[in-house]
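Some notes on the structure that comes next.
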Amino acid sequence: KVIRDFPDRRVVKVKERIPLAVFRKGARDFVVTSDGEMVRIVKRAQKIYKIPRWDGFVSAAEAKRVEITDFLRDMQTGETEYYKKIEEIKLDGQSLVLNMKKYIIYFGKPDRRLIRKNFHLCRQSLPTPPAKARASIIWI
């Protein structure tokens, strides 16, 4: 936003958009931001942020997109260690599937109110990541 401040000044206000996930539409990659906007991906953003890929974003209903975006935003701010390990997000029926670096979490319905409780259960079930890739599947 640019504001003219007379006589010879302009004030520029910039609000950074934090990326939550990357998705592909046609041949282009886009980012879903923490404020729910969809913008064309900036290659530099991929270098600055760890951005998981959201498989099936384009085919998801708008209400489901909002629900998952809210879930990811809360996870990004409240469960950062888990959010940073997400490589891919997808839906399997009504269950949210988080493909992590070394394991897969089937979260069930992406209910924002259950994030802390369910990831606390993850920590109890899997205090340290497994030694082999995709060695564990956690249902919560």
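The values are calculated or read from the model by the stated rules, or taken from the named source; none is laboratory data. In this text the structure is predicted, and so the values were computed from the model without any measurement. Heads up, the Cβs are rebuilt from the backbone with ideal geometry, glycines too, and the neighbour counts pull from every protein chain shown. Just the protein is used for accessible areas: all its heavy atoms, side chains included, with ligands, DNA and RNA removed. Shrake-Rupley method; radii C 1.70, N 1.55, O 1.52, S 1.80 Å.
Tabulated results
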{"read-out": "Qualifying residue in segment 67-90 (condition: within 11 Å of the chain's Cα centre (by Cα), among the aromatic types (Phe, Trp, Tyr) and either part of a strand (DSSP E or B) or under 17 Å from Lys25 (Cβ atoms) (or both))", "value": "no"}
{"read-out": "In segment 21-47, the residues that are modelled with pLDDT of 85 or more and polar (S, T, N, Q)", "value": "Thr33, Ser34"}
{"read-out": "Test: residue in segment 93-104 that is closer than 23 Å to Gln124 by Cβ, of a type in the set (S, T, N, Q), in a strand (DSSP E or B) and touching a strand residue (DSSP E or B) at 6+ places or on another chain (Cβ under 8 Å)", "value": "yes"}
{"read-out": "So Leu114, is it surrounded by 18 or more Cβ atoms within 10 Å (Cβ to Cβ), out of contact with any Leu (no Cβ under 7 Å at 6 or more places or on another chain) and farther than 22 Å from Glu16 by Cβ", "value": "no"}
{"read-out": "Total residues in segment 3-45, condition in contact with a strand residue (DSSP E or B) (Cβ under 6 Å, 6 or more places away or on another chain), open to solvent by 100 Å² or more (accessible area, probe 1.4 Å) and not charged (D, E, K, R)", "value": "0"}
{"read-out": "Residue within segment 113-126 that is closer than 25 Å to Val58 by Cα, modelled with pLDDT under 80 and within 14 Å of the chain's Cα centre (by Cα) present", "value": "yes"}
{"read-out": "Of all residues making up segment 46-59, the number that are surrounded by 16 or more Cβ atoms within 10 Å (Cβ to Cβ), more than 11 Å from the chain's Cα centre (by Cα) and among the aliphatic types (A, V, I, L, M)", "value": "0"}
{"read-out": "Selection count, segment 74-90, where residues are at pLDDT 90 or above and of a type in the set (D, E, K, R)", "value": "3"}
